[in-house]
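*Asks:* Below: one structure in structure tokens.
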Amino acid sequence: MAQSREKRKLKQHIIEEWTGKVFTSLCIVLLVVTIFSLVYFVATKGFSSFIKDGISLGEIFGGIKWKPEGEPPLFGALPFIIGSFSTSILAAVIAAPLSISAALFMVEIMPKLGRKYLQPAIELLAGIPSVVYGFVGLSVIVPFYRDIFPGQGLGIAAGASVLSIMILPTMTSIATDALAALPPGLKEGSYALGATRWQTLARTVIPTTLPALMTGVVLGMARAFGEALAVQMVIGNAPHIPKSLFESASTLTSAITLSMGNTVMGSVQNNVLWTLALILMLMTFIFVFIVRFLERRANR
Amino acid sequence: MKKSLMLVMALILTFTLAACGQANKTNTSAGNDAGANSSANGEKEKTTELSGSILAVGSSALQPLVDQASKSFMDKNPKVSIQVQGGGSGTGLTQVSGGQADIGNSDVFAEEKLEAGPAGELVDHQVAVVAMAAVVNPDVNIDNLTKDQLVQIFTGKITNWKDAGGPDQVIQIVNRPSSSGTRATFEKYALGTKTDDLAGAIQEDSSGNVKKLVKETPGAIGYLALSYLDDSVTTLKYEGVEATEENVANGTYPVWAYEHMYTKGEPNGLVKAFLDYMVSEEVQNGDVVELGYIPASKMQVKRDVDGNITK
Amino acid sequence: MSAKTADKIATAVIVFFAGIIVLIMAGLLGFILVRGLGHISFDFLTSPPETIKEGGGIGPQLFNSLFLLVLTMIITVPLGLGAGIYMSEYAKPGKVTDFIRLIVEVLSSFPSIVVGLFGLLVFVNMFGFGFSLFSGALALTVFNLPLMVRITEQGMQSVPQAQKEASLALGLSKWKTIKSIMLPIALPIILTGTILAAGRVFGEAAALLFTAGMSSPRLDFSDWNPLSPMSPLNPFRPAETLAVHIWKINSEGLAPDAPEIAAGASAVLILTVLIFNLLARWVGRLLHKKFTATK
């Protein structure tokens, strides 16, 4: 009797163990399947312009003329690639000093004030929808640039300005985490040696956390690279390499949003847009690998 | 261990993909069945009451009209549900020829977007005519441009308004993307030639943004459908002809295009009832006019895919 | 320049930059709220939109946004919890786990437009869900899932090792330990993270343009049968969310008061996100008090 109860208990124990394992494993499998099918579908669609329509790799990556409806059609995506890189890099350049300062302010200078007001403010920025950013960019930033600089106000500068605000939260939160994780002994040692706060920050804190800070910058760039609607509203969308930051330009995402709905699935014009999406996806991989590399350095 | 795991993953992937493929097949057939059913039902109940649902997808320029008309149609037939989606003419044509949508709304002839095969399966229903006019920023003091001037502006040969009878002001072009149906119409009938995308020209796909940018940017020129015109931008005459409903209808103003609602094969049942309603006097003289389109019935000229005009 | 002056200048610069952020933030909020708040009324929040006439509202859109959020969460939360628990409790350190972690990272930084296109291809066309709430919820799940996994993992790792070991030593199964001991302790972190993630779902537009669609069929708010096509609860009907609606009326709006509606809808959207943030903080604090020994 007692034995059978023991047995039943054991059996229940094993069943419990199994439900847990099976359920969680299923979740993981689903996650992995999702990712693989995502990559698979985007890749097959993206490669079809090379395989089915016979467009050369060189034309996509090296061509500077984008005339999908022309005779003969030209599919040079270089202007979009350059546009994407310049907007996201410029956005990161604007946002990096701001976000690192904000993180220093919150961790090192006035933690109380920072945590109470600055952090919620930044978290709120993260929650503002990109459509609203685009709308504000078009109503405020574009007219501002139009009045000050030659040109129509739309362009890489306007796109980067909007993006820099959008990526502030990502960068700040990572920088804050990195600074907060620093062992206090390090700073105390520096202070004990008579260093001022700035000397401590510049010579000890920032160099040790640099890889982590860079991780934040790269992740911010990745987000800027993939943002679509807000950028499309303020960048002007001319498929050309612009001569200045205030001239209408295009990014990969803006080219996709602009023409996806107008083209018919399966046509060359449509397949080429999927190729642009594939390039976006590959860039995501590259950004993640850079982040991994930086994190490994940070942990060393 | 590692190898077997990889194997398992590969297997799972193939299975899901296979399942996806299967699901696809069964689903399309299910869709067809459902379509057949609903049409059968529609025919059966034609005499009594219409019921079922219609999905119309496509052109965002046509969406407001179909949306508006569908509302009054549904008020008359409370058991009918009509869903009108935007997404662009290309999406509409894709979905209707793929069988996912009952009606594909398009700004252009299907032949211009689709291959001859799938385009041949589609039946065209022209429900309205949309006319376009060039618009400029109010500070540019002109009210007329000739075809030649327009061509020179949109090909970048004239870059300052003083060469087109305006003030000394740099021209800023607000164009549409090359895939846009509105741009295709404008180039075909106003310019008579395809143009390249000029460096520095703005491209916007949406009428709202085009209007906003033309209104705000000094020296800007763009083009809009008549329904979007108001006092915030100056509407230009084309070759001295004003863009009015009358001039479009009698063929003196050439910059216009049909709004198409495509079905795959001849429509029947509910879809036919709705399309008939779209071209009925009630909609043509009501919603169509109210939304700034021109009733297809009023047109004294007709035009085919290649742009040939017949009286 | 002495070290002290340098210190003062540097501090001033940092404070200045931090101040700029607060200014940007205040300016943004002010701009949106000042332009939009005046337009918000009970009528605006409940009436359906108008195509050409003035006085349209955002009622169905607001409902769609909330309903889509609920649907997404119903799919995401169990999956995310399961996957997160697996990663923190069951996964053995090694190449495979590393690989899965890499995948989660990749998924979380995927451009939303690519996810939207994938949704169009797979959920809308291939699976035949059409432009529907369900397709939209699945697409949103794709990029909410990695966030949820990370949040769960963080939460589980915050549980003191001793508590977990004590439970295992008492003979409880691992799953029981996770469910009854660890999850409650991790709950504040998980819940706060979830609510913040929910705020982001609320504002997403790019992915939904291609999946949930850009129109809202006529809704019959007295019909609560989820299977009827006009019921607001039917997950297989197309649904335009608030963020998509802003995008649409900005681009193609014909109503004379379209700019005001866009401004009003933006303000509503921001206020909702604000509420989400406050809620997350409040819930987090409440649960923290409840579960940490403050008895």
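The values are calculated or read from the model by the stated rules, or taken from the named source; none is laboratory data. The shown structure was predicted, so the numbers you read here are calculated from the model rather than taken from an experiment. As a convention, Cβ positions derive from the backbone with ideal geometry for all residues, glycine included, and neighbour counts pool all protein chains shown.
*Asks:* Got a sec? Which helices (runs of 4 or more DSSP H) wholly within segment C:156-219 have at least 2 residues that are polar (S, T, N, Q)?
*Replies:* Details: elements: C:161-169, C:183-203, C:206-209.
Because the criterion is at least 2 residues that are polar (S, T, N, Q), the helices (runs of 4 or more DSSP H) in segment C:156-219 that meet it are C:161-169, C:183-203.
*Asks:* Right, next: What helices (runs of 4 or more DSSP H), lying completely within segment A:1-113, carry at least 1 residues that are within 14 Å of chain C (Cβ to nearest Cβ) and in contact (Cβ under 8 Å) with a residue 60 or more places away in the chain? Before you say what the answer is, go through the steps one by one.
*Replies:* Values: elements: A:2-51, A:57-62, A:78-104.
Result: A:2-51, A:78-104.
*Asks:* Consider A:Leu252 against the criteria (1) over 24 Å from A:Asp147 (Cβ atoms); (2) modelled with pLDDT of 85 or more; (3) facing another protein chain (nearest Cβ under 7 Å); (4) buried (at least 24 other Cβ atoms within 10 Å of the Cβ): it satisfies all of them except one. Which criterion is unmet?
*Replies:* Going through (1) over 24 Å from A:Asp147 (Cβ atoms); (2) modelled with pLDDT of 85 or more; (3) facing another protein chain (nearest Cβ under 7 Å); (4) buried (at least 24 other Cβ atoms within 10 Å of the Cβ) one by one, A:Leu252 breaks only (3).
*Asks:* Only one residue in B:Lys211, B:Lys215 is among the charged types (D, E, K, R), under 28 Å from A:Phe149 (Cβ atoms) and under 19 Å from the mean Cα position of the chain (by Cα). Which one? Before the answer, list the steps.
*Replies:* Details: B:Lys215 fails: under 19 Å from the mean Cα position of the chain (by Cα).
Unique residue meeting the criteria: B:Lys211.
*Asks:* Could I ask something else about it? Given the conditions (1) free of Cβ contacts under 8 Å to residues at least 24 places away in the same chain; (2) more than 14 Å from chain A (Cβ to nearest Cβ); (3) farther than 19 Å from B:Tyr228 by Cα, which single one is not true for B:Gln83?
*Replies:* So the condition that B:Gln83 fails would be (1).
*Asks:* Any chance you could count how many residues in segment B:271-286 are surrounded by 16 or more Cβ atoms within 10 Å (Cβ to Cβ) and touching a strand residue (DSSP E or B) at 6+ places or on another chain (Cβ under 9 Å)?
*Replies:* Taking segment B:271-286 first, the residues surrounded by 16 or more Cβ atoms within 10 Å (Cβ to Cβ) are B:271-275, B:277-279, B:283-284.
Adding the requirement that they be touching a strand residue (DSSP E or B) at 6+ places or on another chain (Cβ under 9 Å) leaves B:271-275, B:278-279, B:283-284.
Qualifying residue count, segment B:271-286: 9.
*Asks:* A further question follows. Tell me which helices (runs of 4 or more DSSP H) are completely within segment A:184-231 and hold 2 or more residues being more than 9 Å from chain C (Cβ to nearest Cβ), or say none if there are none.
*Replies:* Details: elements: A:184-192, A:197-200, A:206-226.
Answer list for segment A:184-231: A:184-192, A:206-226.
*Asks:* So, C:Phe143, is that one assigned to a helix (DSSP H, G or I) and touching a Phe, Trp or Tyr at 6+ places or on another chain (Cβ under 8 Å) or not? Lay out the reasoning, then the answer.
*Replies:* Values: assigned to a helix (DSSP H, G or I): yes; touching a Phe, Trp or Tyr at 6+ places or on another chain (Cβ under 8 Å): yes.
Here the answer is yes, as C:Phe143 does meet what is asked.
This table checks each residue for (1) among the basic types (Lys, Arg); (2) assigned to a helix (DSSP H, G or I); (3) at pLDDT below 90.
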{"residue": "A:Met260", "(1), (2), (3)": "no, yes, yes"}
{"residue": "A:Val264", "(1), (2), (3)": "no, no, yes"}
{"residue": "A:Thr275", "(1), (2), (3)": "no, yes, no"}
{"residue": "A:Thr284", "(1), (2), (3)": "no, yes, yes"}
{"residue": "A:Arg292", "(1), (2), (3)": "yes, yes, yes"}
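Residue-by-condition table, conditions (1) in contact (Cβ under 8 Å) with a residue 60 or more places away in the chain; (2) surrounded by fewer than 16 Cβ atoms within 10 Å (Cβ to Cβ):
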| site | (1), (2) |
| --- | --- |
| C:Phe16 | no, yes |
| C:Ser47 | no, yes |
| C:Thr51 | yes, no |
| C:Phe63 | yes, no |
| C:Leu81 | yes, no |
| C:Ile103 | no, no |
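*Asks:* Hey, could you check segment C:229-279 for residues that are in a loop (DSSP other than H, G, I, E, B) and facing chain B (nearest Cβ under 9 Å) and say which is surrounded by the fewest Cβ atoms within 10 Å (Cβ to Cβ)?
*Replies:* Restricting attention to segment C:229-279, the residues satisfying the condition of being in a loop (DSSP other than H, G, I, E, B) are C:229-241, C:253-257.
Filter once more, keeping what is facing chain B (nearest Cβ under 9 Å): C:229-230, C:237-238, C:253-254, C:256.
Numbers: C:Pro229: 17, C:Met230: 20, C:Arg237: 27, C:Pro238: 23, C:Gly253: 24, C:Leu254: 20, C:Pro256: 13.
Ranking the qualifying residues of segment C:229-279, first place goes to C:Pro256.
*Asks:* Out of the residues in segment A:258-273 meeting the condition of being more than 19 Å from A:Thr44 (Cα to Cα) and touching a strand residue (DSSP E or B) at 6+ places or on another chain (Cβ under 9 Å), tell me which one is nearest to the other protein chains (Cβ to nearest Cβ).
*Replies:* From segment A:258-273, those more than 19 Å from A:Thr44 (Cα to Cα) are A:258-259, A:261-262; that's our starting set.
With the extra rule that they be touching a strand residue (DSSP E or B) at 6+ places or on another chain (Cβ under 9 Å), the set shrinks to A:258, A:261.
Working: A:Leu258: 5, A:Gly261: 2 Å.
Here the answer is A:Gly261.
*Asks:* Also: Answer yes or no: is there a residue in segment A:125-142 that is touching an Asp or Glu at 6+ places or on another chain (Cβ under 9 Å), away from chain C (no Cβ under 13 Å) and either on the phi > 0 side of the Ramachandran plot or at pLDDT 85 or above (or both).
*Replies:* Yes, because at least one residue in segment A:125-142 is touching an Asp or Glu at 6+ places or on another chain (Cβ under 9 Å), away from chain C (no Cβ under 13 Å) and either on the phi > 0 side of the Ramachandran plot or at pLDDT 85 or above (or both).
*Asks:* Looking at (1) surrounded by fewer than 19 Cβ atoms within 10 Å (Cβ to Cβ); (2) in the same structural domain as B:Glu112 (by TED's automatic domain parsing); (3) of a type outside the set (Lys, Arg), find the lone condition where B:Pro267 falls short.
*Replies:* The one condition B:Pro267 does not meet is (1).
One line per residue, one yes/no per condition, for (1) surrounded by fewer than 18 Cβ atoms within 10 Å (Cβ to Cβ); (2) among the β-branched types (Val, Ile, Thr):
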residue	(1), (2)
B:Gly120	yes, no
B:Pro138	yes, no
B:Asp168	yes, no
B:Arg176	no, no
B:Thr182	no, yes
B:Tyr189	no, no
B:Lys194	yes, no
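*Asks:* Among the listed residues A:Leu276, A:Leu282, A:Leu213, A:Leu294, which satisfies the condition of being buried (at least 19 other Cβ atoms within 10 Å of the Cβ) and closer than 21 Å to A:Val42 by Cα? Please lay out each step first, then the result.
*Replies:* Numbers: A:Leu282 fails: buried (at least 19 other Cβ atoms within 10 Å of the Cβ); A:Leu213 fails: closer than 21 Å to A:Val42 by Cα; A:Leu294 fails: closer than 21 Å to A:Val42 by Cα.
Among A:Leu276, A:Leu282, A:Leu213, A:Leu294, only A:Leu276 is buried (at least 19 other Cβ atoms within 10 Å of the Cβ) and closer than 21 Å to A:Val42 by Cα.
*Asks:* Among the listed residues C:Gly116, C:Gly84, C:Gly136, C:Gly94, which satisfies the condition of being modelled with pLDDT of 85 or more and either out of contact with any helix residue (DSSP H, G or I) (no Cβ under 8 Å at 6 or more places or on another chain) or under 29 Å from A:Thr19 (Cα atoms) (or both)?
*Replies:* Working: C:Gly116 fails: either out of contact with any helix residue (DSSP H, G or I) (no Cβ under 8 Å at 6 or more places or on another chain) or under 29 Å from A:Thr19 (Cα atoms) (or both); C:Gly136 fails: either out of contact with any helix residue (DSSP H, G or I) (no Cβ under 8 Å at 6 or more places or on another chain) or under 29 Å from A:Thr19 (Cα atoms) (or both); C:Gly94 fails: modelled with pLDDT of 85 or more.
Only one candidate qualifies: C:Gly84.
*Asks:* With respect to A:Ala238, is the statement that it is within 14 Å of chain B (Cβ to nearest Cβ), crowded, with 24+ Cβ neighbours inside 10 Å and either touching a helix residue (DSSP H, G or I) at 6+ places or on another chain (Cβ under 8 Å) or more than 30 Å from A:Ile141 (Cβ to Cβ) (or both) true?
*Replies:* Values: within 14 Å of chain B (Cβ to nearest Cβ): yes; crowded, with 24+ Cβ neighbours inside 10 Å: yes; either touching a helix residue (DSSP H, G or I) at 6+ places or on another chain (Cβ under 8 Å) or more than 30 Å from A:Ile141 (Cβ to Cβ) (or both): no.
No, not satisfied.
*Asks:* Let me ask you something else. For segment B:96-116, how many residues meet the condition of being modelled with pLDDT of 85 or more, of a type outside the set (D, E, K, R) and touching a Leu at 6+ places or on another chain (Cβ under 8 Å)?
*Replies:* 8
*Asks:* Go through segment B:190-308 and tell me which helices (runs of 4 or more DSSP H), entirely inside it, have 1 or more residues that are away from every other protein chain (no Cβ under 14 Å) and without any contact (Cβ under 8 Å) to a residue 60 or more places away in the chain.
*Replies:* Working: elements: B:207-216, B:245-249, B:269-278, B:281-285, B:287-290.
In segment B:190-308, B:245-249, B:269-278, B:281-285 are the helices (runs of 4 or more DSSP H) which contain 1 or more residues that are away from every other protein chain (no Cβ under 14 Å) and without any contact (Cβ under 8 Å) to a residue 60 or more places away in the chain.
*Asks:* Just to be sure, is B:Asn160 touching a residue at least 24 places away in the same chain (Cβ under 8 Å) and farther than 21 Å from B:Gly181 by Cα?
*Replies:* Working: touching a residue at least 24 places away in the same chain (Cβ under 8 Å): no; farther than 21 Å from B:Gly181 by Cα: yes.
No.
*Asks:* Scan (1) closer than 28 Å to C:Phe143 by Cα; (2) without any contact (Cβ under 8 Å) to a residue 12 or more places away in the chain; (3) buried (at least 24 other Cβ atoms within 10 Å of the Cβ) for the single condition C:Lys179 breaks and write down its number.
*Replies:* Going through (1) closer than 28 Å to C:Phe143 by Cα; (2) without any contact (Cβ under 8 Å) to a residue 12 or more places away in the chain; (3) buried (at least 24 other Cβ atoms within 10 Å of the Cβ) one by one, C:Lys179 breaks only (3).
*Asks:* While we're here: Looking only at segment C:79-93, count every residue that is assigned to a helix (DSSP H, G or I) and more than 7 Å from chain A (Cβ to nearest Cβ) and tell me the total. Spell out how you get there, then give the answer.
*Replies:* Kept after step one, since they are assigned to a helix (DSSP H, G or I), are these residues of segment C:79-93: C:79-90.
Next cut, more than 7 Å from chain A (Cβ to nearest Cβ) only: C:80-81, C:84, C:87-89.
Here the count works out to 6.
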